[in-house]
Amino acid sequence: MARNVSDFGFPAFRGAVREIILASVAIYVVILLLLSFAPGAAQVMLAHGVLDPARIRDGWLWQFVTYAFMYVDPIDFVLSLVGIYFLGSALQERLGRSGFYSLFFGSVVLSAVAGFLLSLTHVIAQGAAFGSGGAANAILMVFYLLNRDAPIMLFPIPIQIPVKWIVLGIAAIETAYLLLYHFSLFYCVLLLGLGAGYVWHLAFLSRRTSLGISERFYGMRNSYYRWKRRRAARKFEVYMRKHENREVSFDEHGNYIPPDDDKKKNGGSKSGWVN
């Protein structure tokens, strides 16, 4: 998978990555045109789309998703989509189209919700957040967790850099901006994107977590079947007592316990048959 982002070739432009990028480009073109020819409409669009904690408290919950498609600065726009394209294309090969959508929108919502909760302190995470930089950071984190020793080319620099140093470098730079801008919501969401990627990987790709979930599921299913077995045994005991005037017994697992005479016929086995 690392081959697609470590050589000089461009990864395939398809699937969820293609759809997310094309949607982002189309929306950004609309924003630019409105800013040039209808500034009032552009401000209304941005006000409804960016992540604004005050608006969230008023019930504008769609902003937890729409902020990822709101851009103004061309540099932020290009850097976010370049990260989604190069690393996202590599991840999409492993996760599939639906899995990549889950990663993208899951990290968008998770980092936005965490940023909103921090904003309730009225001390940090103030202002507005916009752009898919948090999702791009989440994609970078998941790529690192799946390819810890992979070297990748940091476009457009024609040298290969270990992905772990890219993660640390981006985290350091964004932390510096976070301090310079007094813990603004924009940079909080960017850094929270790295954490969202880690949480998403832990929830959906960690083998230990998957095994634990499977074990709990099958354990609950087996407990349910054992309960049904014991319940059926009790019903059968009541039926035989009322209609056949005969006492029958079952063990704690719901297995029939034959009378002493039947045990002799069965060679002394504990259970003559299993219900």
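The values are calculated or read from the model by the stated rules, or taken from the named source; none is laboratory data. Being a predicted model, the structure only gives us computed values, none of them experimental. Note that each Cβ is placed from the backbone with ideal geometry, even for glycine, and that neighbours are counted across all protein chains shown. Note: accessible area is taken over every heavy atom of the protein model, side chains too, but ligands, DNA and RNA are not part of it. Shrake-Rupley method; radii C 1.70, N 1.55, O 1.52, S 1.80 Å.
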Check: Counting other Cβ atoms within 10 Å of each Cβ, which chymotrypsin sites (Phe, Trp or Tyr not before Pro) in region 57-141 have at most 13 and sit in a DSSP loop?
Finding: Trp62
Item checked: Loop trypsin sites (Lys or Arg not before Pro), region 1-90, which have at most 15 other Cβ atoms in a 10 Å radius of their Cβ (DSSP) -> Arg14
Item checked: Cα gyration tensor shape for region 1-133, rounded if a/c is under 1.5, else prolate or oblate -> oblate
Check: Which residues' amide hydrogens lie under 5 Å from the amide hydrogen of Ala128, considering only partners 5 or more residues apart or on another chain, with H built in the peptide plane?
Finding: Leu185, Phe186
Next item on the list: Can you tell me how much longer the chain between Ala12 and Thr175 gets when fully stretched, taken as 0.36 nm per residue apart minus their C-alpha distance, in nm with one decimal?
Entry: 55.4 nm
Check: Counting only heavy atoms of protein chains, what accessible area per residue, in Å², does region 69-134 have with a probe of 1.4 Å?
Finding: 41
Next item on the list: State whether region 66-203 is rounded, prolate or oblate according to the following rule on the C-alpha gyration tensor (a ≥ b ≥ c being the square roots of its eigenvalues): a/c under 1.5 gives rounded; otherwise a/b larger than b/c gives prolate, and the remaining case gives oblate.
Entry: prolate
Item checked: Ranked packing of 143-150, 92-99, 185-192, most packed first, by mean Cβ within 10 Å -> 185-192, 143-150, 92-99
